[in-house]
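The values are calculated or read from the model by the stated rules, or taken from the named source; none is laboratory data. Keep in mind that this is a model prediction, so the values were computed, not measured. Every residue, glycine among them, receives a Cβ derived from its backbone with ideal geometry; neighbour counts consider all protein chains shown. Quick note on the areas: whole protein, heavy atoms, side chains included, nothing else; ligands and nucleic acids left out. Shrake-Rupley method; radii C 1.70, N 1.55, O 1.52, S 1.80 Å.
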Amino acid sequence: MEYRRMGKTGLQLSVLSYGSWVTFSKQVDDSASDALMGLAYDNGVNFFDNAEAYEGGRSEEMMGRVLKKKNWDRTTYCISSKVFFGLYGKENKPNQHGLSRKHITEACHQALHRLQTDYLDLFYCHRPDPATPMEEVVWSMNILLQQGKILYWGTSEWSGAEIMEAHAVAAKLNLIGPAMEQPQYNLFERQKMEYEFAPIFRNVGMGTTTWSPLASGLLTGKYNNGIPEGSRLGISNYAWLKDRIMQDDKINKVKALDKVAKELNTSLATLAIAWIIYNKNVTSAILGATKEKQLTENLGALDIYPKLTPELMKEIDSIMGNKPSIS
Ligand SMILES: NC(=O)c1ccc[n+]([C@@H]2O[C@H](COP(=O)([O-])OP(=O)(O)OC[C@H]3O[C@@H](n4cnc5c(N)ncnc54)[C@H](OP(=O)(O)O)[C@@H]3O)[C@@H](O)[C@H]2O)c1
């Protein structure tokens, strides 16, 4: 495993980490999540990602049970939670979602309880909340930091301007600004990581823990000929995701990418993840997997990414046609 410093912090995260969105408490049970987390940890993964909203808190409860059973030395791994969406979706009451001091504080306390831990290593604002003043968000996170309930705070799917506003507020108040952002980053989604955030990486420094490396499985080629039974896009209440993913132009690109993977003697999934960690602004790419076989294949990206040459990267760019221009 390779470990990278998270932006300007001293924290080192494994360049491949493991998250539980959709999977824990939906597709996998305690015994499968135990095996998957064990496989990840044994391969050097030291960061496990979670959020209040994942399966209405049940994903955190499952991860908490696994961690308790594993009884790993707490200093050897990091866990996260995220606040914004609340637990109840459309049934949330006014203060059960968003980034008010009340919800940030209560969501943190509840995540600690569900994960059965004394502190979260990483705590994210899962989305921006334009209805709450930035001063309140930055102060709330800093109070949790000072109480030792969280060690680093960050953002997820915030714009560059919002992240910079948080830094400006923190600097004005002598507080700690966001240390990391969690954006989507994969071969289809490049704009934020490669264009919008470029000045932040250059001028401020920022760690990133990126999500959906395989675009929910599209970048494995498994959806080239329809939706295989038991896979994510077949889950009935994720129809919105299916509409976003199952598009002919995307599938044609996936087929073309598969040829590059074959040139490298690897699988498309492995190549797609290797492509992500080739970017040194990625601190950690969060993997998702429902099966040990998938996770093993995906961890293979560590062996493939040193083999990516500038020529191969150009070939991939010309297939995708979406490399952001920063000239
Ligand atoms: N901050 C945010 O807003 C946000 C949003 C989304 C995710 N995340 C985080 O990022 C993590 C990873 O995202 P993700 O789960 O969307 O990652 P992903 O890698 O894009 O998709 C993972 C899914 O693809 C399928 N898959 C993975 N490897 C495979 C392989 N080798 N062969 C065939 N199928 C494979 C599996 O689903 P099936 O077996 O069901 O097909 C797996 O659950 C999440 O767990 C979460 O922690 C954060």
*Could you please tell me which pairs satisfy a Cβ distance under 8 Å, a separation of 6+ or placement on different chains, a first residue in the range 44-61 that is closer than 19 Å to residue 125 by Cβ and in contact (Cβ under 8 Å) with a residue 60 or more places away in the chain, and a second residue that is aromatic (Phe, Trp, Tyr) and away from the ligand (no atom under 12 Å from the Cβ)?*
47/77
*Only one of (1) away from the ligand (no atom under 13 Å from the Cβ); (2) closer than 30 Å to residue 9 by Cα; (3) open to solvent by 20 Å² or more (accessible area, probe 1.4 Å) fails for residue 239. Which number is that?*
(2)
*In the range 276-295, what residues are more than 10 Å from the ligand (Cβ to nearest atom) and open to solvent by 10 Å² or more (accessible area, probe 1.4 Å)?*
278, 279, 280, 281, 292
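Of the residues that make up the range 275-290, is at least one aromatic (Phe, Trp, Tyr) and either under 18 Å from the mean Cα position of the chain (by Cα) or farther than 16 Å from residue 3 by Cβ (or both)?
Yes, some residue in the range 275-290 is aromatic (Phe, Trp, Tyr) and either under 18 Å from the mean Cα position of the chain (by Cα) or farther than 16 Å from residue 3 by Cβ (or both).
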